[in-house]
Ligand code: PLP
């Protein structure tokens, strides 16, 4: 017998498990709206044109080699990544107050942040919005940071429970870490307004709490990189400290290349420098140093004015297609006279719609219509196309009547 005889079969990941089930389904009309990955109108994965061009440039550079990178990765990428989220004129960057390290996409950045907080922050307890991206609940405890929820989504309005959120932040201990989705909240697609962000910022700062922004969708929500950075920049502009994880999975379509960064904005340059030195001690025993290729692609796009401009156009194209899917789905539900209020399909922002469909309605749609989504009723708008909207609307209609 094996020494691992007693190992139990683990459950599938709730999000990635949807794709496993989808792959097993032989139906030709099957539709996967589980995973948040962008698809074209033809339902195909998209490699951005600027990514192809950046890769061609990299191949042409004869001096490139496969040497190890520094522990904190590609320094040029780190600099440009911080500038992308904080803005070109950021005083925090100008004063060297930001420690930035390359990370294994957004997930890796969150994990490094958690381990750093567990080792160096007096109150390693994080408050997470309810609901939140499922992986947050695992990353933080495993990284040594205990977690608690705060109210965020109101199922009645399918919008933000602003009052509840402020109450919970006020009730949270001084100094607690507060996780905030920088834009395009996953899974709900519900973001605070600029006015509400202002109220949230005031409470967090008045209690000396530490914001940890998860920024996985910059540019994907509104189509504008600057607009989607609003919340983060408003928190950095007040001079306070924060952490920001960044992912280039969605906005550059670099999913499997695992390109991201963790930024820690500090009060002073000497603190940032010491923080940077400690981040190396987190990374070195975990994976030693990050991979070369993806960050080199991202850096090439971020540093070349022409590629950057073309990237913003392609990014806006993806965001606009998602917004157009919202309108098409909404119209299709109206045409069918589907009972209920579906305004939230239009109002929510980013990759996902939190439909409000319950677990048994989701199961019905999977069983009868071969449509796959997470059991909380979240659908990826980026996985839809004009061709598949009617099928989805038929299924939603049948599920609620
Ligand atoms: N944070 C949120 C809210 C996300 O939705 C995702 C991806 O789905 C991530 C972080 C991290 O993704 P990745 O590790 O692929 O960058």
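Nothing in this text is a laboratory measurement; each read-out follows from the coordinates by a stated rule. Just so you know, these numbers come straight off a predicted model, no measurement behind them. Methodologically, a virtual Cβ is constructed for each residue, glycine included, from the backbone with ideal geometry; neighbour enumeration extends over all protein chains shown.
Out of 55, 12, one residue alone is more than 16 Å from the ligand (Cβ to nearest atom), in a loop (DSSP other than H, G, I, E, B) and closer than 23 Å to residue 250 by Cβ. It is 12.
For residues in the range 347-383 being out of contact with any strand residue (DSSP E or B) (no Cβ under 8 Å at 6 or more places or on another chain) and under 30 Å from residue 227 (Cβ atoms), which is surrounded by the fewest Cβ atoms within 10 Å (Cβ to Cβ)? Among residues in the range 347-383 that are out of contact with any strand residue (DSSP E or B) (no Cβ under 8 Å at 6 or more places or on another chain) and under 30 Å from residue 227 (Cβ atoms), the one surrounded by the fewest Cβ atoms within 10 Å (Cβ to Cβ) is 356.
Against the list (1) more than 24 Å from residue 104 (Cα to Cα); (2) assigned to a loop (DSSP other than H, G, I, E, B); (3) away from the ligand (no atom under 16 Å from the Cβ); (4) in contact with a helix residue (DSSP H, G or I) (Cβ under 7 Å, 6 or more places away or on another chain), the condition residue 192 fails is (3).
Going by the conditions given, is residue 222 surrounded by fewer than 24 Cβ atoms within 10 Å (Cβ to Cβ), part of a loop (DSSP other than H, G, I, E, B) and away from the ligand (no atom under 16 Å from the Cβ)?
Here the answer is yes, as residue 222 does meet what is asked.
The number of residues in the range 245-290 that are part of a loop (DSSP other than H, G, I, E, B) and either at negative phi or more than 16 Å from the ligand (Cβ to nearest atom) (or both) comes to 12.
Only one residue in 341, 331 is assigned to a loop (DSSP other than H, G, I, E, B) and surrounded by fewer than 16 Cβ atoms within 10 Å (Cβ to Cβ). Which one? Steps first, please.
Working: 331 fails: assigned to a loop (DSSP other than H, G, I, E, B).
Just a single option satisfies the conditions, and that option is 341.
Residues that are over 24 Å from residue 353 (Cα atoms) and within 16 Å of the ligand (Cβ to nearest atom) were ranked within the range 142-177; the one that is surrounded by the most Cβ atoms within 10 Å (Cβ to Cβ) is 177. Within the option set 298, 399, being buried (at least 21 other Cβ atoms within 10 Å of the Cβ) and under 16 Å from residue 252 (Cβ atoms) holds for one residue only, 298.
Check 232, 236 and return the single one that is within 16 Å of the ligand (Cβ to nearest atom), touching a residue at least 60 places away in the same chain (Cβ under 8 Å), outside any loop (DSSP other than H, G, I, E, B) and buried (at least 20 other Cβ atoms within 10 Å of the Cβ). Explain how you work it out, then say what you get.
Working: 236 fails: within 16 Å of the ligand (Cβ to nearest atom).
Going through 232, 236 in turn, just one is within 16 Å of the ligand (Cβ to nearest atom), touching a residue at least 60 places away in the same chain (Cβ under 8 Å), outside any loop (DSSP other than H, G, I, E, B) and buried (at least 20 other Cβ atoms within 10 Å of the Cβ): 232.
Please specify each residue of the range 136-168 satisfying the condition of being over 23 Å from residue 194 (Cβ atoms) and touching a residue at least 60 places away in the same chain (Cβ under 8 Å).
Restricting attention to the range 136-168, the residues satisfying the condition of being over 23 Å from residue 194 (Cβ atoms) are 136-149, 155-156.
Answer for the range 136-168, where residues must be over 23 Å from residue 194 (Cβ atoms) and touching a residue at least 60 places away in the same chain (Cβ under 8 Å): 136, 155.
Which one of 119, 37, 82, 70 is under 23 Å from residue 176 (Cβ atoms) and either touching a helix residue (DSSP H, G or I) at 6+ places or on another chain (Cβ under 6 Å) or touching a residue at least 12 places away in the same chain (Cβ under 8 Å) (or both)? Step through it out loud before you land on a result.
Working: 37 fails: under 23 Å from residue 176 (Cβ atoms); 82 fails: under 23 Å from residue 176 (Cβ atoms); 70 fails: under 23 Å from residue 176 (Cβ atoms).
When all the criteria are applied, what remains is 119.
Sort through 103, 119 and tell me the only one that's more than 16 Å from the ligand (Cβ to nearest atom) and either surrounded by fewer than 16 Cβ atoms within 10 Å (Cβ to Cβ) or under 24 Å from residue 300 (Cβ atoms) (or both). It would help to see each step written out before you state the result.
On the way: 103 fails: more than 16 Å from the ligand (Cβ to nearest atom).
Exactly one of 103, 119 is more than 16 Å from the ligand (Cβ to nearest atom) and either surrounded by fewer than 16 Cβ atoms within 10 Å (Cβ to Cβ) or under 24 Å from residue 300 (Cβ atoms) (or both), namely 119.
Could you tell me which numbered condition residue 209 fails, if it satisfies all but one of (1) out of contact with any helix residue (DSSP H, G or I) (no Cβ under 6 Å at 6 or more places or on another chain); (2) without any contact (Cβ under 8 Å) to a residue 24 or more places away in the chain; (3) more than 16 Å from the ligand (Cβ to nearest atom)? All conditions pass for residue 209, except number (2).
Any idea which residue in the range 132-141 is farthest from the ligand (Cβ to nearest atom), counting only those that are farther than 15 Å from residue 183 by Cα and assigned to a loop (DSSP other than H, G, I, E, B)?
Initial filter on the range 132-141 (farther than 15 Å from residue 183 by Cα): 134-141.
This time we only want the ones that are assigned to a loop (DSSP other than H, G, I, E, B), so: 134-135.
Details: 134: 9, 135: 7 Å.
Only one residue tops the list, namely 134.
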